[in-house]
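Worksheet: one structure, shown below.
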């Protein structure tokens, strides 16, 4: 009897031990599974939400060909200047009212490095003749994109003195004292595309003094005091797909030759396209609807008599509408 009792007790203990070990194993494996799921979820979160770049508030940036020094000492600049890994300045906001250069971002004498200026906001640049929100001087291979250069004392974005192979794309340059985007002095092979350039005190986009082989496309250039797009002693370019409405001249060409001007929308300007001393320009499929009342007269009335003047102008425009639409 005692032997049987011992056997029963031993079997019972073994059953309890086996049951206990089974429960422990289940708990361990479940915890491991939960940890695996947790790690997977965390990995997915990390993939979907990469770490954001920093944001900086500065007074100015000046790079005089010294990119490697800048990238090595300032966290707002990265890259090595190669085509595959260009220098990048991004997420910077600059109130340039105290900039010693007069400009918010000034890049000069950069001929061989590739660089991007992306998602920057620059305002209050100076009133000096060459001051600008973003200024490139004697500089090649730059891309300015996704940036805001409005409310500056002279220009929004300015390329000056032999700037070549640059791209100005997807920026906003509104309400600057002179020009929104300005290229001056032998700036060749540059592209200006997809920008919003409105309400500037002179021209929206201007190219002056022997600029060539440019592309000006798909920009919105409206309500500028003088010209939407102004080519001045420049040639061999393409101006296509732009919207240039309610300026004095939609597109103004002076001594500018051998350009292709096509597919632009030009509504409500005093004149859709105005040529002076030009040769061999080609015009194709531009939509032109000129204002019955010159735009500058409308502005003068609004400033003079305020809201009443605006109401009168609207009524007159509704009654007289516009000149007959035509394709040039």
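Where a number appears in this text, it was derived from the coordinates with a stated rule and is not lab data. Keep in mind that this is a model prediction, so the values were computed, not measured.
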* Please give the direction-averaged projected area of the C-alpha convex hull for segment 85-200, in square nanometres with one decimal. => 6.1 nm²
* Computed lengthening from residue 280 to residue 112, 0.36 nm per intervening residue step minus Cα-Cα distance -> 57.1 nm
* To do: Starting from one equal scatterer on each C-alpha and no solvent at all, send me the Debye-based log10 I(q)/I(0) for segment 56-291 at q = 0.16 Å⁻¹, two decimals.
  => -1.02
* **Cα-based radius of gyration of segment 59-103 once divided by 2.2 N^0.38 Å, which approximates compact folds** => 1.23
